[in-house]
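Since every read-out is calculated from the coordinates, none of them should be taken as a lab result. Nothing here was measured: the structure is a model prediction, and the numbers come from that model. Cβ coordinates were reconstructed from backbone atoms using ideal geometry, including for glycine residues, and neighbour counts include every protein chain displayed.
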């Protein structure tokens with residue numbers, strides 16, 4: 001299981017919720033075409049990718065890369081590493097071939113960065129959200145004000161965003177978002193923890209950016225909830241809007257947002273605990289409020305939703321239970337059939353649960369590239385992809 005604060009408390013139970021609305025929608029089928037290896041280096045643990053398609057057709061894939069200390073004699077590894085950096089590779093032929101040497105996006109001077117999440121904006125710029133951990137000595141941690149600490153040495157630094165105005169050739173200094181309303185924990189610098197998330201944000205039809213972020217709910221526990229931030233200046237500043245999902249017993253995190261043709265915002269959420277259920281929440285008023293969250297009835301995390309040319313939605317997610325791999329569902333345009341949509345297995349040959357985090361991009365017509373990180377027989381973690389077509 002991913003070693004970060006996003007893996008928190010075990011769920012004590014599930015609340016009964018209404019079933020999603022049923023439709024007469026005929027979902028079609030997802031056809032797997034082929035698997036590809038995008039980036040692998042045995043010296044590194046490469047993981048948590050996201051991908052965007054530039055206006056000129058170029059694909060940019062960002063991921064987190066850190067030393068795989070097992071290659072130097074360590075018996076194990078962790079997903080937290082003070083040397084983890086954000087890097088990217090590129091493809092100009094629809095994902096068939098990629099640059100071999102990753103380009104550095106960002107290296108934080110205080111610690112390691114995680115989970116770069118890209119968003120291609122309509123003005124041509126690119127946003128990348130991330131968050132970080134600093135590795136401190138125990139005596140220094142003891143002096144901090146109510147931090148989030150993992151493995152007795154890693155202190156959470158909070159989230160940040162980067163912007164590129166030139167296709168990812170260079171990136172701005174970090175944009176630090178505000179803490180979520182009600183945030184209970186402080187970061188490395190004694191400030192309320194800045195908002196963060198692993199998951200896709202949305203540029204709405206009105207040009208407003210919608211970002212689902214995580215809040216630490218209490219000083220004495222690691223339970224989290226999800227909340228909505230909005231930006232009217234393309235990510236330069238953010239304001240609090242509303243709660244997406246919170247519960248006394250269940251922790252929500254790693255949320256991807258999607259906007260339907262009618263304008264609804266749909267949040268696909270990971271939940272903490274062994275049950276690992278997918279949950280969704282919906283806003284029908286432009287992000288002013290969200291309806292009660294619903295258990296979608298299946299396992300998998302985290303999620304990414306892609307709009308297809310006919311407005312159907314390809315939902316992809318990791319599956320960290322035997323047989324481990326990558327799965328997908330085809331949803332109707334308004335995402336009302338998530339509980340009944342047929343599940344398609346894209347990969348079931350993973351070598352253990354340390355894999356997944358898929359993200360998809362349309363490459364041409366009805367052909368999609370789903371990217372993720374993978375391992376075989378618990379070997380090197382690498383960035384892979386699967387091409388699919390949708391009928």
Packing-based exposure ordering (other Cβ within 10 Å, fewest first) of 359, 98: 98, 359
Residues in segment 349-391 reached by a label modelled at residue 31 [backbone nitrogen below 13 Å; 7 Å Cα→Cβ]: 366-368, 388-391
Percent of alpha-carbon pairs separated by more than 37 Å within the chain: 13
Rounded to whole Å, sorted largest first: equivalent-ellipsoid semi-axes of segment 203-314, Cα gyration tensor: 23, 19, 11
Approximate spin-label separation residue 181-residue 353, in nm, with each point projected 7 Å along Cα-to-Cβ: 3.5
Computed helical MRE - 222 nm, the chain, DSSP H runs ≥ 4 contributing -39500 (n - 2.57), nearest 500: 0 deg cm²/dmol
Scattering profile of segment 86-186 at q = 0.10, 0.12, 0.19 Å⁻¹ [log10 I(q)/I(0), Debye over alpha-carbon scatterers]: -0.37, -0.52, -0.99
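Most exposed first by the Cβ proxy, i.e. fewest other Cβ within 10 Å, how do 335, 88, 307 rank? Before the final figure, lay out the partial values.
Working: 335 21, 88 28, 307 15.
Least crowded to most crowded, the residues run 307, 335, 88.
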Label-point separation, residue 144 to residue 345 (7 Å along Cα→Cβ), nm: 4.1
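What's the whole-number percent of alpha carbon pairs in segment 106-255 lying beyond 18 angstrom? Intermediate values should be presented prior to the final figure.
Numbers: 6333 of 11175 pairs.
When every Cα pair of segment 106-255 is considered, 57 percent fall beyond 18 Å.
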Inter-label distance for residue 249 and residue 237, nm, one decimal - labels placed 7 Å from Cα along Cα-to-Cβ: 4.3
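When the chain is fully extended, how far beyond the present Cα-Cα distance does residue 189 get from residue 123, taking 0.36 nm per residue of separation?
Contour length minus Cα-Cα distance gives 20.4 nm.
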Efficiency of FRET between residue 391 and residue 137 - r from beta-carbon atoms, R0 51 angstrom, step 0.05: 0.35
